[in-house]
Amino acid sequence: MQRPRTFHIVTFGCQMNLADSSTLASALMTRGLSRVDSEDEADLIVVNTCSVREKAEQRAIGRLNEMQRHKRTRPHTKLAVVGCMAQRLKDELIDVVPHVDYVLGTDRQFELPDVIDGIEGTSKVMTAFGHEEIDRLAPIKENSFSAFVTISRGCSNYCSYCIVPYVRGVERPHDPARIVQSINELVDDGVVEITLLGQNVNSYRSGDLDFPGLLRRVLDETPARRLRFMTSHPKDLSRDLVDLMAGEPRLLPHIHLPLQSGSDRVLKKMGRKYTVQQYFETVDYIRARMAYVSLTTDLLVGFPTETREEFAETLEATRRARYDSAFMFRYSVRPGTAAARMQDDVPEGEKIDRLNTLIELQQAIALECNQREVGRVCESVVEGTSRRSRHLWRARTEANKTVLFEGDGIEVGQVVPVRVLSADAFTLHGALVREDG
Ligand code: SAH
Ligand code: SF4
Ligand code: F3S
């Protein structure tokens with residue numbers, strides 16, 4: 001068998017998957033494969049998949065089917081499916097998509113180099129959890145200015161609707177010394193902004209070290225200029241963390257705090273382990289301690305048995321929280337979860353209506369929040385040019401918002417002060433503040 005020389009990775013799903021893809025790319029490159037920009041040129045195509053909603057899986061399967069054409073034109077092409085859907089479907093995936101060569105789960109994917117080399121003990125379907133080497137693998141840098149650093153894998157919360165604990169396993173912390181070392185290496189390499197990743201960063205624990213403790217260590221032992229983290233579970237976000245953020249400008253003022261529902265009854269059925277009141281005690285504390293903070297969330301509509309009144313409570317909570325932005329979803333049954341045993345009784349049309357109502361409300365709130373930024377000078381990391389206009393630079397503000405501005409002699413990766421002049425619901429528009437004016 002001809003050994004693949006080039007590879008291309010297609011990534012679906014969340015930032016955790018993006019981070020895993022970078023780590024996998026690094027593992028493949030260490031073993032002599034080179035990365036190519038297009039799947040048309042790759043001897044090995046890797047699809048890193050997501051299982052969080054049925055649609056995410058359908059999309060990945062659609063892409064995999066389409067990839068059969070590569071096998072026709074270049075029969076030596078190998079196709080590997082890794083990540084969450086690989087973990088969930090295991091061998092069954094080969095029945096669904098027979099031209100797939102390898103199926104490697106969320107932890108096993110990093111053994112892909114061994115698998116393609118046919119190293120003893122490997123097989124084409126591997127989905128056991130656990131891999132002691134994972135946090136020793138250094139991801140490749142996807143760009144010159146920002147990077148993800150995974151602080152824990154998996155999740156032990158088992159929210160009743162969610163597949164993540166099943167496909168990623170229980171929460172396992174990465175070694176703090178390794179986290180610090182990775183950040184130092186990235187900063188040495190020129191990275192200015194680092195996002196620490198975990199499904200629930202606030203439940204991080206390694207020995208005596210909790211999440212605020214980890215952040216203190218990172219602040220003390222690395223020169224990282226801009227640090228972010230996600231996701232924060234409302235039940236575990238501590239005042240200690242908020243106090244730390246309030247006094248430390250290197251911790252950027254953005255908190256992603258998924259509410260999911262504004263109804264206590266629904267939250268309970270979701271297994272979220274907080275009430276609306278407890279959630280807002282946290283939000284109020286954040287707003288009291290941090291003069292400037294961007295608050296974002298995830299919201300889920302149409303959970304089994306959710307009534308119109310309960311949905312109205314979600315609208316009410318959304319108004320009250322004044323989210324800068326939100327990811328909003330309609331409930332999708334995930335086989336094997338606790339909610340899958342409940343009847344999915346909110347009709348699809350009703351779910352769509354609720355979602356549209358919520359999106360409309362949230363867009364109006366986002367517009368208001370963004371307009372409040374007008375006049376502010378944001379220290380922003382230049383990420384490239386605007387997707388719509390190549391004459392405009394695109395940068396990320398401290399609050400994780402996109403700001404567009406004009407300027408000469410700007411370079412990607414620079415941190416520049418931009419004064420916000422106007423805003424829509426998604427983007428800020430500004431002007432560069434020159435040192436001399
Ligand atoms: N760990 C993160 C969420 C990871 S999944 C947290 O707890 O916030 C990202 C989002 O997908 C969730 O916040 C939820 O809003 C949504 N989601 C999860 N399972 C879903 C399902 N079965 N149907 C629809 N949306 C879902
Ligand atoms: Fe899923 Fe809940 Fe874990 Fe988030 S905290 S990944 S929603 S189980
Ligand atoms: Fe992320 Fe999707 Fe897996 S949201 S953890 S890629 S199921």
Quickly run through segment 191-202 and pick out the residues that are open to solvent by less than 40 Å² (accessible area, probe 1.4 Å) and touching a residue at least 40 places away in the same chain (Cβ under 8 Å).
V191, V192, E193, I194, T195, L196, L197, G198, N200, V201
Conditions: (1) open to solvent by 20 Å² or more (accessible area, probe 1.4 Å); (2) more than 20 Å from M16 (Cα to Cα). P212 meets all but one. Number of the miss?
(1)
Candidate set: segment 91-139, residues that are in a helix (DSSP H, G or I) and within 22 Å of the chain's Cα centre (by Cα); chosen: the one nearest to K71 (Cα to Cα)
Q109
Among the residues listed as R63, R88, the single one being open to solvent by 20 Å² or more (accessible area, probe 1.4 Å), within 16 Å of ligand 1 (Cβ to nearest atom), within 26 Å of R330 (Cα to Cα) and part of a helix (DSSP H, G or I):
R88
Hits in segment 335-351 (condition: surrounded by fewer than 14 Cβ atoms within 10 Å (Cβ to Cβ), within 15 Å of ligand 1 (Cβ to nearest atom) and not charged (D, E, K, R))
P335, G336, Q343
Counting only residues that are open to solvent by 10 Å² or more (accessible area, probe 1.4 Å) and in contact (Cβ under 8 Å) with a residue 12 or more places away in the chain, how many does segment 91-103 have?
6
Assess whether D117 counts as being of a type in the set (D, E) and in contact (Cβ under 8 Å) with a residue 60 or more places away in the chain.
yes
Right, E41: touching a residue at least 12 places away in the same chain (Cβ under 8 Å), open to solvent by 30 Å² or more (accessible area, probe 1.4 Å), more than 19 Å from I134 (Cα to Cα) and within 16 Å of ligand 3 (Cβ to nearest atom) or not?
no
Could you identify the single residue in L215, L196, L186 that is within 16 Å of ligand 3 (Cβ to nearest atom) and not acidic (D, E)?
L196
Mind checking which residues of segment 320-334 are open to solvent by less than 50 Å² (accessible area, probe 1.4 Å) and either in contact (Cβ under 8 Å) with a residue 40 or more places away in the chain or under 15 Å from S232 (Cα atoms) (or both)?
A321, Y323, D324, A326, Y331, S332, R334
Subset of segment 4-30 (residues that are in a loop (DSSP other than H, G, I, E, B) and open to solvent by less than 30 Å² (accessible area, probe 1.4 Å))
P4
Go through segment 276-301 and give me each residue that's farther than 20 Å from F229 by Cα, touching a helix residue (DSSP H, G or I) at 6+ places or on another chain (Cβ under 7 Å) and within 16 Å of ligand 2 (Cβ to nearest atom).
V301
Condition first: closer than 20 Å to E142 by Cβ and part of a loop (DSSP other than H, G, I, E, B). Now tell me which residues in segment 31-60 satisfy that.
R31, L33, V36, D37, S38, A42, C50
Count - residues of segment 403-414 that are crowded, with 16+ Cβ neighbours inside 10 Å and β-branched (V, I, T):
1
Residue check for P304: within 16 Å of ligand 2 (Cβ to nearest atom) and either more than 17 Å from Q362 (Cα to Cα) or out of contact with any strand residue (DSSP E or B) (no Cβ under 7 Å at 6 or more places or on another chain) (or both)
yes
Outside the structural domain of P335 (by TED's automatic domain parsing) and either within 16 Å of ligand 3 (Cβ to nearest atom) or in contact with a strand residue (DSSP E or B) (Cβ under 6 Å, 6 or more places away or on another chain) (or both) - does that describe any residue in segment 113-120?
yes
Exclusive hit being among the β-branched types (V, I, T), at pLDDT 95 or above, out of contact with any strand residue (DSSP E or B) (no Cβ under 6 Å at 6 or more places or on another chain) and buried (at least 22 other Cβ atoms within 10 Å of the Cβ), set I163, I151:
I163
Check whether at least one residue in segment 23-44 is within 18 Å of the chain's Cα centre (by Cα) and either within 16 Å of ligand 1 (Cβ to nearest atom) or on the phi > 0 side of the Ramachandran plot (or both), and report yes or no.
no
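Matching residues to (1) among the aromatic types (F, W, Y); (2) under 30 Å from D236 (Cα atoms); (3) at pLDDT 95 or above:
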residue: N65; (1), (2), (3): no, no, yes
residue: R69; (1), (2), (3): no, no, yes
residue: G121; (1), (2), (3): no, no, no
residue: E142; (1), (2), (3): no, no, no
residue: N157; (1), (2), (3): no, yes, yes
Taking the options Q58, Q68, name whichever one is within 14 Å of ligand 3 (Cβ to nearest atom) and open to solvent by 20 Å² or more (accessible area, probe 1.4 Å).
Q58
Considering only segment 319-346, state which residues are of a type in the set (K, R) and within 16 Å of Y158 (Cα to Cα).
R334, R341
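The values are calculated or read from the model by the stated rules, or taken from the named source; none is laboratory data. Just so you know, these numbers come straight off a predicted model, no measurement behind them. Ideal geometry is used to build each Cβ from the backbone, glycine not excepted, and the neighbour counts take in all protein chains shown. Just the protein is used for accessible areas: all its heavy atoms, side chains included, with ligands, DNA and RNA removed. Shrake-Rupley method; radii C 1.70, N 1.55, O 1.52, S 1.80 Å.
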